[in-house]
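Quick notes on the structure that follows.
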């Protein structure tokens, strides 16, 4: 029994935990630069070529849109090295059965899926001024995968910190459903927000009144008619999140819960500012940064609600 306890509580190197959080931060930067590509209409900067850029490994005499798109591809290439490195380091530093291994594998699978979906967007021409329903569907799938990837990386870092085993990650039936619904609702908010931002880019409004008229018109494109889903889903998701926060605070008064509430409030303020300012590029990026930080904190908080570690597992 003593041997089992000692193995269960095996300490994960602090450098690995810090690296895991660094990978999370790097992927947030990749997401933000992807938004710059979309907001500036640079998605076709490398033409209909992937992984080459305009048929070249390194574009010669590139245009501005080519530089923006090629930079995003290079950043994505960096993630292709960083995430597998996290997977290898995690397996070398943990024991069989530790939950961080499972999340590191899931992160790698989602990264591969992310690359495939990104390539499909380019090869199918779902970039720049494309306004088709196919782009809406494919982009929704791509954005959902992006949030799942960021969530899996966050859970890898969290579980490396706690040292929990996969067998200990049993969902608490009384709380699991509401917590998972809150996370799913937040994914809907993230996807609908990105689609709304795409609508702002493709169909810029001349005034706030004009933007509202676009949303309400039955003749408006699908992207604009879907824009109203974002604020509605944000309110619904916020109710779930406040419930999650209440559960955590009753348990241990977690400082993380306070951070989540603060980031939630900031997101509503940024959302209102985004609408009032007619969604300039810099505001869209700032709003997305807040959303990614909020999602990361929420996933970490949800892990505490679903899988509260026992005292001997905390390092």
field: Residue list for region 87-114, filter: in a loop (DSSP other than H, G, I, E, B) and farther than 30 Å from residue 11 by Cα
entry: none
message: Under 6 Å between Cβ atoms, which residue pairs at least 6 apart in sequence (or on different chains) link something in region 44-55 that is at positive phi and at pLDDT below 80 with a partner that is assigned to a loop (DSSP other than H, G, I, E, B) and surrounded by 17 or more Cβ atoms within 10 Å (Cβ to Cβ)?
response: none
field: Residue that is assigned to a helix (DSSP H, G or I) and within 30 Å of residue 130 (Cβ to Cβ), where the choices are 267, 247
entry: 267
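Taking residue 43, is it out of contact with any strand residue (DSSP E or B) (no Cβ under 8 Å at 6 or more places or on another chain), surrounded by 20 or more Cβ atoms within 10 Å (Cβ to Cβ) and not in a helix (DSSP H, G or I)?
For residue 43, the condition - out of contact with any strand residue (DSSP E or B) (no Cβ under 8 Å at 6 or more places or on another chain), surrounded by 20 or more Cβ atoms within 10 Å (Cβ to Cβ) and not in a helix (DSSP H, G or I) - is met.
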query: Got a number for residues in region 122-135 being buried (at least 19 other Cβ atoms within 10 Å of the Cβ) and part of a helix (DSSP H, G or I)?
result: 2
- prompt: Pick from 117, 153, 139: which is within 29 Å of residue 13 (Cβ to Cβ) and surrounded by 15 or more Cβ atoms within 10 Å (Cβ to Cβ)?
  reply: 153
- prompt: Is region 252-260 home to any residue that is under 21 Å from the mean Cα position of the chain (by Cα), within 28 Å of residue 278 (Cα to Cα), outside any helix (DSSP H, G or I) and in the same structural domain as residue 305 (by TED's automatic domain parsing)?
  reply: no
task: Spot the failing condition for residue 64; the list is (1) touching a strand residue (DSSP E or B) at 6+ places or on another chain (Cβ under 7 Å); (2) closer than 30 Å to residue 280 by Cβ; (3) surrounded by fewer than 20 Cβ atoms within 10 Å (Cβ to Cβ), and only one is missed.
output: (1)
- prompt: Is it the case that residue 220 is part of a helix (DSSP H, G or I), in the same structural domain as residue 296 (by TED's automatic domain parsing) and surrounded by 15 or more Cβ atoms within 10 Å (Cβ to Cβ)?
  reply: no
statement: The number of residues in region 67-111 that are surrounded by 15 or more Cβ atoms within 10 Å (Cβ to Cβ) and over 30 Å from residue 47 (Cβ atoms) is 17
statement: Expected single match for closer than 25 Å to residue 230 by Cα and in contact (Cβ under 8 Å) with a residue 60 or more places away in the chain among 149, 117 is 149
message: Looking at the structure I just gave you, is residue 134 out of contact with any helix residue (DSSP H, G or I) (no Cβ under 9 Å at 6 or more places or on another chain), farther than 19 Å from residue 295 by Cβ and not assigned by TED's automatic domain parsing to the domain that holds residue 307?
response: yes
message: I want to confirm something. Restricting to region 186-204 and keeping residues that are surrounded by fewer than 18 Cβ atoms within 10 Å (Cβ to Cβ) and touching a helix residue (DSSP H, G or I) at 6+ places or on another chain (Cβ under 8 Å), which single residue is nearest to residue 275 (Cα to Cα)?
response: 203
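The values are calculated or read from the model by the stated rules, or taken from the named source; none is laboratory data. Because the structure is predicted, anything quoted here is derived from the model rather than measured. Glycine also receives a Cβ, built like all others from the backbone with ideal geometry; neighbour counts cover every protein chain displayed.
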